[in-house]
Amino acid sequence: MKRLLSGILSAALLLSLLAGCGGGGNTPASDSGSGGAADNTASGGGYKSDLIIGTAADINNLNLQEQQDAVNNIILKTTHENLVRFTNEGTCVPCLASEWEYLDDNHIQFKLVENAHFSTGEPVTAEDVKFTYDMAKDSYVASVLSNVVSTEVVDDYTVVLELGKYDNELLPSLASVPVAIQSKAAYDSGMENPWYAGSGRYKFDDWVEGQFCRVVKVDDYWGEDPGTADSIEFRPYLEASSRVIALQNGEIDVCIDPPINELQYLEDDENITVEEKTGSRLFYFAFNVEKAPWDNQTLRQAVACAIDRDAVLQAAVYGKGTPQTTILNRGLWGFYDDMEGFDYDVERAKKLMAEAGYPDGGITTTLLIANSAPYTNIAQVIQANLKEIGINVELQTVEDATLKTMCKNGEQEIYLWRWNEDSKVDFVYRDLFYTGSGSNYHHYSDPHTDELVDIVNTEKDEEKRMAAGIELQEYLVDACPQVPLYIANLVIAYNKNLTGTLLFPGGNHDWSHAYIAQ
C-alpha cells in the first residue's frame, strides 16, 4: 500500500495561448466544455467541491518517466506541465514555453514563461528543462526524446535543443506526459518521491493503491486559468458493471469506458449523460513475421481476406466502432484509408492460400491474446473465420504484461493487440514497423519501410511528406504484418452537471478544468 504525503507537489496542464497553458487553444471534445476553452467558472458560482472519476484500470505508477499507461497519464496531466500542449485540433500551443523558433534544422530555441513555479515553491527554469530531458534519456521513455542530442541552458528562461535531424514531430513529443518538466531542486533536496513535484493546477494529496488517488487544487497556481474543483479523486473499478452502479448511485461523477451492453440503462437515467464519438484506439490482428509460416506474405494476405471485420466489431463492441483498412490511427496527420486492402472475401482468401502453397490449408497455429474483453470475444470470431480456410487456431490467454513481454521476445506466432496514438504518426510508423523498435512486435524489417518512415519524419515539403505517408500506408497494408480490425468509439458516461471537460479520442483526457456545477 502506497501513500503520497499531502501537499508534496502541485501541477496542471493548459494555460492561455499567450500566458502558457490556458484553455484558449483547445476546443473540448465534449459539449460540456465552453467553446474554445474549458469552462472553469462554475455556473452561478456553485460547484461540488470534489470530482470523482471511476477508472477502468488500476493506477500503477506515478513516476512520470517510468510509466506510459493512460490511467497514470490522466492523473499526471492534472499535476504536471510540458513546454507545449497538444490540442484536439492536432496542433501544439504554448505551455511552460511562451515561444520557440528553429535556429537551423538541428537547433530549436524555447523561451520559458517567467512566473511558473512548482508546488514546492521553486521557479520553473531552464535548468529544470535540461534536468528533465537529460534524465529521460536514461529512462523507460527514452524513445520519446530519441532525436534530442542535447539540451543547452542559455539563461534562466532560455533553452536550446540540439537535434540529430530535423524533426516534423518534435513538438508532439515534447507534449508527451512522461517528459513533463520536473523540479531539479526537488531531486537535489533528497525528498522522497521527488517526481511528484509539478507546476500546475493540482498537486498530489494521497494515493492508496487499489483504492484511490486524490489531487487537490493549487491555491497559488501561477497561470491565469486555475482549477475549479477543490479536489479530483481517481477511483479504479476494474469490474465494468461496478463502475456503472457507482455512477448511478452517485459514488462517482464519471464512468470511464462503461460496458457497451449496459449503455441503455445509463442513457435512460435522467441524471446521466452518455457521450459517444469516433475514437482513435486501433485494435488489430498481427503476425510474428520471423516465424514460419507467417514469413509468407501471401499467406498473411489470405488470412486478412478471411477475417470478417464487421463480425469482429459486433462481437467486440456491439458495433460501436469503425472498421478500417490502414494501419494508422484515425485522426492522425496523413490518415489514408482508401487503398484496396483485403476485404472479407473467403473465395479470395482460398485462392491466396493456394498461391502461398497451402491449397488445402493444413496449418495449426496459436493465437496469443490478453485474458479480457474484447480480445476473448474477437478471438472466437477469428478462430471460426480461419477454420473456413483450413487454419486451425488454438487460443493462449495471458495477462497484458505477459503478452507484451512474449511479443517483444518473439515467442508468439499470431496475436491480438491494440495501439492508441492521437498526436504523433512517428509513434505508429517507427514504434510498430521500424527495424529494431522495441514495440515492433511483428518483428518486421524492411528497408523501404524504414526509408519512408524517415521521410515522413524529416521531409519539410508538405506535399512530398504526404505522398510518402500515403505510400507507406499502402505499402504496409500490402506487406500485411498486421490486419487492422477497427477503431473503437470513445464512450464515456458522467453526471449531467459535469462541465469543463477536455476529452481526447484515445482516452488521454485532461480533467484539470472539470467540475460538477450546482
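The values are calculated or read from the model by the stated rules, or taken from the named source; none is laboratory data. Quick caveat, the model's predicted, so the values are computed rather than measured. For neighbour counting, all protein chains shown are included, and Cβ atoms are generated from backbone atoms with ideal geometry for every residue, glycine included. Heads up: the accessible areas ignore ligands, DNA and RNA and are worked out on the full protein's heavy atoms, side chains in. Shrake-Rupley method; radii C 1.70, N 1.55, O 1.52, S 1.80 Å.
List of remarks:
- Looking across region 101-133, the residues that are assigned to a strand (DSSP E or B) and surrounded by 20 or more Cβ atoms within 10 Å (Cβ to Cβ) come down to 108, 110, 112.
- Note on region 267-297: residues that are open to solvent by 20 Å² or more (accessible area, probe 1.4 Å), small (Gly, Ala, Ser) and either at pLDDT below 95 or assigned to a strand (DSSP E or B) (or both) amount to 0.
- Residue within region 232-244 that is assigned to a helix (DSSP H, G or I), surrounded by 20 or more Cβ atoms within 10 Å (Cβ to Cβ) and not aromatic (Phe, Trp, Tyr) present: yes
- Residue 39 being touching a strand residue (DSSP E or B) at 6+ places or on another chain (Cβ under 7 Å), surrounded by fewer than 22 Cβ atoms within 10 Å (Cβ to Cβ), part of a loop (DSSP other than H, G, I, E, B) and at pLDDT below 90: yes
- Exactly one residue among 83, 51, 76 is touching a residue at least 12 places away in the same chain (Cβ under 8 Å), open to solvent by less than 10 Å² (accessible area, probe 1.4 Å) and closer than 20 Å to residue 506 by Cβ, and that residue is 76.
- Residues satisfying the stated conditions in region 348-363, i.e. over 27 Å from residue 282 (Cα atoms) and either open to solvent by less than 40 Å² (accessible area, probe 1.4 Å) or not basic (Lys, Arg) (or both): 354, 355, 356, 357, 358, 359, 360, 361, 362, 363
- Pairing each residue of region 385-398 that is in contact (Cβ under 8 Å) with a residue 40 or more places away in the chain with any residue that is open to solvent by 20 Å² or more (accessible area, probe 1.4 Å) and not polar (S, T, N, Q), provided the two are 6+ apart or on different chains, yields C-beta distances under 6 Å for 385/308; 388/346; 389/350.
- Only listed residue being within 20 Å of residue 510 (Cβ to Cβ) and either open to solvent by 60 Å² or more (accessible area, probe 1.4 Å) or more than 22 Å from the chain's Cα centre (by Cα) (or both), chosen from 206, 253: 253
- Residues satisfying the stated conditions in region 151-179, i.e. open to solvent by less than 40 Å² (accessible area, probe 1.4 Å), in contact with a strand residue (DSSP E or B) (Cβ under 7 Å, 6 or more places away or on another chain) and farther than 28 Å from residue 463 by Cα: 151, 158, 159, 160
- Against the test of being open to solvent by less than 10 Å² (accessible area, probe 1.4 Å) and without any contact (Cβ under 8 Å) to a residue 60 or more places away in the chain, the options 485, 476, 498, 472 yield a single qualifying residue, 472.
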